[in-house]
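Beneath this line is the structure, given in structure tokens, with notes to follow.
Nothing in this text is a laboratory measurement; each read-out follows from the coordinates by a stated rule. Just so it is clear, the structure is predicted and the values come from calculations on it, not from any experiment. Don't worry about glycine lacking a Cβ; one is built from the backbone with ideal geometry, like all the others, and counts go over all protein chains shown.
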């Protein structure tokens, strides 16, 4: 299964570099901050992380472009402190689930409008997002009068290696000479559960705030 995962990732990477022999009008870098959560999971708080990578942009027709990307995206969730144990003994506990992915979104970008005076505009985009889990860890921290204890485990056996997402979003952009600077808000939601067990019907959901530079 791992070999198949990397073969698929290599294929999608090739698609990003060369779309039917077409030459990309722009190559660029992008990155920002993730606010990730797991829908339906008992973790009640989101996990903040980084998202960073690169993209290629292929102009299709006026105002419409195809943008494949390769991203490293940090996801997961955090648990707020809970009181466990029999009364009157309470042990505060926090839990963090770390899920890191290599993702290949293939986005269709539409230029909603362009300003006639300034070389600026606003884009909307949407498309499939192919995610491959590369790291997973579960950590539980308990606090008591005797001290702090941490328990860490590898959660890879419980996490599905492949996750199919849909990404939507938009934001402004401005051209400064040959460089296009952009700012966007993106929402990426998983269409299936992130865990292997059918009983753990939890899926990844991520809000991202990202900046980009195309050359």
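Structure data summary
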read-out	value
Extended-chain gain in nm, criterion 0.36 nm per residue less alpha-carbon gap, residue 111 and residue 185	25.1 nm
Virtual spin-label span in nm between residue 141 and residue 29, 7 Å along Cα→Cβ	3.1 nm
Alpha-carbon Debye profile of region 129-215, log10 I(q)/I(0) at 0.21 Å⁻¹	-1.00
Residue 156/residue 207 FRET efficiency (R0 22 Å; Cβ-Cβ; nearest 0.05)	0.30
Peptides ranked, highest mean first, by Cβ atoms within 10 Å: ranges 148-157, 162-171	162-171, 148-157
Average Cα contact separation per residue, region 162-210, under 8 Å, 6 or more apart, as relative contact order %	35 percent
